[in-house]
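All remarks here apply to the structure that follows.
Derivation of every value follows stated rules applied to the coordinates shown; laboratory data play no part. Values in this document were obtained by computation on a predicted structure and should not be read as measured data. Counting neighbours? That spans all protein chains shown, and the Cβs are built from the backbone with ideal geometry, glycine included.
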Amino acid sequence: MRSYLRETLAAILIVSGCGSGEAGPDAGDWRFNADTVRSADGSFRQTSFLRVVGQEGPEGEPRTRPVILSFDCLPDNAGSTIMTDQALRQGSVETRLTVDSSPPLRLPAFAGTTPSGGQVVLTVPQDSLLALLSGHQRAVIEYADGAGSSRTTAEFRLTGLGVYQAPFQKACAERGG
């Protein structure tokens, strides 16, 4: 799984330099990509993602491992996911989102492990989550696996979200499906 996260991080760095324009100094750690892909039926569809790389660690310990907060728009789905190297037990979880110094908010989510790594799928509307993060500096997301046995804290810098939020939401609206 570690190699998948490294490959994803490398792909984000490569993609950020092509296809989506220059990031510029105001983009922070955010990466945006919109692409056209051929569907199984031969038609073309647009996909896009908006991602930021943060750091995570076990609850109460230093955050030293890379983790990705990903907003994805596929032809039939728009979702928000935390992608980690951890193997997470499958099940419903509640996450706690703290933005800057605001009180934490509980967000429903679903955790699990795929062949590519652990994922926490946030089950709130993507536009609502982007609105919660917009205009802030830092997000801390606390989450557990589906069994509640593995508790993790992830931190993401939000600086630069505003550079890509509108183009991402426009691309997402145009994706078809």
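Taking 4 °C and 1.567 mPa s as the conditions, I'd like the Stokes-Einstein D for region 2-173 in µm²/s, using the Kirkwood hydrodynamic radius from alpha carbon pairs.
The diffusion coefficient I find is 79 µm²/s.
Treating region 33-93 as a set of equal point scatterers at the Cα positions, no solvent, please give the Debye-formula log₁₀ I(q)/I(0) at q = 0.15, 0.22, 0.29 Å⁻¹.
The computed values of log10 I(q)/I(0) come out as -0.63, -0.95, -1.18.
What does the charge add up to near residue 72, with Lys and Arg as +1, Asp and Glu as -1, over the other residues with Cβ less than 11 Å from its Cβ?
Once positives and negatives cancel, what remains is +2.
So what are the ³J(HN,Hα) numbers for region 38-48, from phi and the Karplus equation (6.51, -1.76, 1.60; θ = phi - 60°), rounded to whole Hz, Gly and Pro as x?
Running phi through 6.51 cos²θ - 1.76 cosθ + 1.60 with θ = phi - 60° gives 8, 7, 4, 7, x, 7, 10, 9, 9, 10, 8 Hz.
Tell me, what HN-Hα J-couplings in whole Hz come from the Karplus equation 6.51 cos²θ - 1.76 cosθ + 1.60 at θ = phi - 60° for each residue of region 144-154, using x for Gly and Pro?
My calculation for region 144-154 gives 10, 7, x, 8, x, 8, 10, 10, 10, 10, 10 Hz in order.
Taking amide H atoms as placed 1.01 Å from N in the peptide plane, list the residues 5 or more away in sequence, or in a different chain, whose amide H sits under 5 Å from that of residue 86.
118
What's the ranking of 105-112, 54-61, 30-37, 81-88 by average number of surrounding C-beta atoms within 10 Å, highest first?
Highest mean packing first, the order is 81-88, 30-37, 105-112, 54-61.
Starting at the first residue of region 155-161, write each ³J(HN,Hα) from the Karplus equation 6.51 cos²θ - 1.76 cosθ + 1.60 with θ = phi - 60°, in whole Hz, x for Gly and Pro.
Here the 3J(HN,Hα) series is 10, 10, 7, 9, 3, x, 4 Hz.
Amide H of residue 123: which non-local residues (sequence gap of 5 or more, or other chain) have their own amide H closer than 5 Å, using H built in the peptide plane?
HN-HN under 5 Å from residue 123: 109, 110.
Enumerate the amide H contacts of residue 150 below 5 Å, restricted to partners 5 or more residues apart or on another chain; note that Pro and chain-start residues carry no placed amide H.
Residues meeting the amide H criterion: 145.
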